[in-house]
Amino acid sequence: MIATRTRRSDYNRAPIASRANRASWRGIWRDGFRRRRLLAVLNIMSSFFRIGRSRTGLGMFATRPIKRNAYIATYRGRRITTKEGDRRSERGACYIFYLNKQWSIDGSPRWNVARYINHSCRPNARPVGRNGGIVIVADRPIAPDEEITYHYGDEYLDCFRQDGGCRCGPCRKRRARKRRKAREVRAAGKKAKRSRRR
């Protein structure tokens, strides 16, 4: 193995000023600017919500009271055709938001904070179409530490009904109540049988 020494003058040498090199540096600067701008937006918005653990995975929670019809987040992502959205859904993409018969939004990038809003059959927010995109607004006043949810639609529910039902909070509570009542009825029936035998 031959050891090579780098001269001090190699560190001070300017990069070759080619068109490709200048373009790549412009791209790096532009990406850095976009990243800083996105972080600034997220820092402003983080005063309204936080991403945390919920019963169905990761969810978005309010950090302070949110008024009715207040802006919460924008569903961001690449705009794709509905056919491409169907293709990606078949391959397992979970964050496709269908705008209309022609267009969809693929919200799979992690910088799309609206992807963390979970489904609920009794939501506290709703999606609204604005300027060809989707904005999530509060449907009713939201208290601090309450999970922000919206209704995903009937197609989503039909898919989950085949897999054992909806997993949102209100549906889980309703199923738990039904199970508790069924246990109480069974226990009352067993108690009545025992009293008859005596």
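What follows is calculated from the coordinates using simple rules that are stated; it is not laboratory data. Here the structure is a predicted model, which is why all the values come from computation and not from measurement. FYI the Cβ positions are ideal-geometry reconstructions off the backbone, even for glycines, and counts take in every protein chain you see.
In summary, the lysines within cross-link reach of Lys83, defined as a Cα separation below 23 angstrom excluding same-chain residues under 8 places away, comprise Lys101. With Cα atoms as the point set, the radius of gyration and Dmax of the range 53-149 evaluate to 13.8, 40 Å. A Förster distance of 35 Å, applied to the separation of the beta-carbon atoms of Ala143 and Asp86, puts the FRET efficiency at 0.40.
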